[in-house]
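K.L.:
Next up is a structure, given as structure tokens.
The values are calculated or read from the model by the stated rules, or taken from the named source; none is laboratory data. Computed from a predicted structure; not experimentally measured. Glycine also receives a Cβ, built like all others from the backbone with ideal geometry; neighbour counts cover every protein chain displayed.
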């Protein structure tokens, strides 16, 4: 809450401390952690200086408490190695330290591949996120295509109709989800760095008047959009969010079904042994 600092608070294995409060066996401590988290992230008691970001990392997003999940504005699927260069480089990061420790210890050949040449740091979200024209989740895709038959994606009515259809299929979809989508779009639009020379030479930017600065920032924002416009970015973020939401809901349902089947098998086996 110090406005003079930029704060990033990562929480790894978030499902351990922020798991669904209604699940069987959840401790009072977890419920207390969730209560504090909710109290101080939004609402009348939340102090928001705009300088803090909380990152939740989990392999089991469907196990997070629903109130917590609904407040997550940016959702990103972090994949591991996917391509041949990815697998080569992952191995290289491991064995090159062994080779440094004892030259030629790793007595294996490389067929003309420059290590880590295919890996790079992205400057902004637009370099990472793929252009999605259609949802991949079957139920979301069906609603999306039904909406396309009624409206063009250039019309505001398109998204109102889409959200209504999604809410009928997924009753937990709410205004908070829509707000999260809106904030994700805003984050995409403002995810850019200022040119270094602007910071090195105050005359180029810092000492300009407000309107000039505003115009300059608008120009940088448009350049950062990589040829996309507001309509394109909004569509991408809506599709990404709805796909993610549906997958989490589906995984949660399947997990509950699997647990119920396991319980039934245990009960049947117990009855068999009891009747012997």
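K.L.:
Just a yes or no: is a residue in the stretch 59-73 over 13 Å from residue 245 (Cα atoms), loosely packed, with under 14 Cβ neighbours inside 10 Å, assigned by TED's automatic domain parsing to the domain that holds residue 9 and modelled with pLDDT of 80 or more?
P.N.:
Checked against the condition, which is being over 13 Å from residue 245 (Cα atoms), loosely packed, with under 14 Cβ neighbours inside 10 Å, assigned by TED's automatic domain parsing to the domain that holds residue 9 and modelled with pLDDT of 80 or more, the stretch 59-73 yields at least one hit.
K.L.:
Another question, then. Does residue 47 meet the test of being part of a helix (DSSP H, G or I) and either outside the structural domain of residue 245 (by TED's automatic domain parsing) or at pLDDT 90 or above (or both)? Quick ask: steps written out before the conclusion?
P.N.:
On the way: part of a helix (DSSP H, G or I): no; either outside the structural domain of residue 245 (by TED's automatic domain parsing) or at pLDDT 90 or above (or both): yes.
So residue 47 fails the test.
K.L.:
Looking at (1) assigned by TED's automatic domain parsing to the domain that holds residue 3; (2) touching a residue at least 60 places away in the same chain (Cβ under 8 Å), which one does residue 77 not meet, given that it meets all the others?
P.N.:
Of (1) assigned by TED's automatic domain parsing to the domain that holds residue 3; (2) touching a residue at least 60 places away in the same chain (Cβ under 8 Å), only one is false for residue 77: (1).
K.L.:
Considering (1) free of Cβ contacts under 8 Å to residues at least 40 places away in the same chain; (2) surrounded by fewer than 16 Cβ atoms within 10 Å (Cβ to Cβ); (3) in a helix (DSSP H, G or I), say which one residue 206 fails and leave the rest.
P.N.:
Checking residue 206 against (1) free of Cβ contacts under 8 Å to residues at least 40 places away in the same chain; (2) surrounded by fewer than 16 Cβ atoms within 10 Å (Cβ to Cβ); (3) in a helix (DSSP H, G or I), the one that fails is (3).
K.L.:
Separate question: Out of (1) part of a helix (DSSP H, G or I); (2) at pLDDT 90 or above, what's the single condition that is false for residue 246?
P.N.:
(2)
K.L.:
Same structure again: Given 118, 149, which one is closer than 30 Å to residue 88 by Cβ and either assigned by TED's automatic domain parsing to the domain that holds residue 246 or within 24 Å of the chain's Cα centre (by Cα) (or both)?
P.N.:
On the way: 149 fails: closer than 30 Å to residue 88 by Cβ.
Exactly one residue qualifies, and that residue is 118.
K.L.:
Among the residues of the stretch 17-41, count how many are in contact (Cβ under 8 Å) with a residue 12 or more places away in the chain and part of a helix (DSSP H, G or I).
P.N.:
Looking only at the stretch 17-41, we keep the residues that are in contact (Cβ under 8 Å) with a residue 12 or more places away in the chain, and these are 17-21, 23, 30, 33-34, 37-38, 41.
Imposing the further condition that a residue be part of a helix (DSSP H, G or I) reduces the set to 30, 33-34, 37-38, 41.
Adding up the residues that qualify gives 6.
K.L.:
Condition first: in a helix (DSSP H, G or I), modelled with pLDDT of 80 or more, in contact with a strand residue (DSSP E or B) (Cβ under 9 Å, 6 or more places away or on another chain) and within 29 Å of residue 153 (Cβ to Cβ). Can you find one or more residues in the stretch 249-261 that meet it?
P.N.:
no
K.L.:
Please count how many residues of the stretch 190-203 are outside any loop (DSSP other than H, G, I, E, B), surrounded by 11 or more Cβ atoms within 10 Å (Cβ to Cβ) and at pLDDT 90 or above.
P.N.:
Total meeting the criteria: 1.
Table: residues versus (1) farther than 21 Å from residue 248 by Cβ; (2) touching a residue at least 60 places away in the same chain (Cβ under 8 Å).
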{"position": "144", "(1), (2)": "no, yes"}
{"position": "147", "(1), (2)": "yes, no"}
{"position": "152", "(1), (2)": "yes, no"}
{"position": "162", "(1), (2)": "no, yes"}
{"position": "174", "(1), (2)": "no, yes"}
{"position": "177", "(1), (2)": "no, yes"}
{"position": "180", "(1), (2)": "no, yes"}
{"position": "183", "(1), (2)": "no, yes"}
{"position": "192", "(1), (2)": "yes, yes"}
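K.L.:
Here's something else I'd like to know. Checking residue 105 against (1) within 36 Å of the chain's Cα centre (by Cα); (2) surrounded by 10 or more Cβ atoms within 10 Å (Cβ to Cβ), only one condition comes out false. Which one?
P.N.:
(1)
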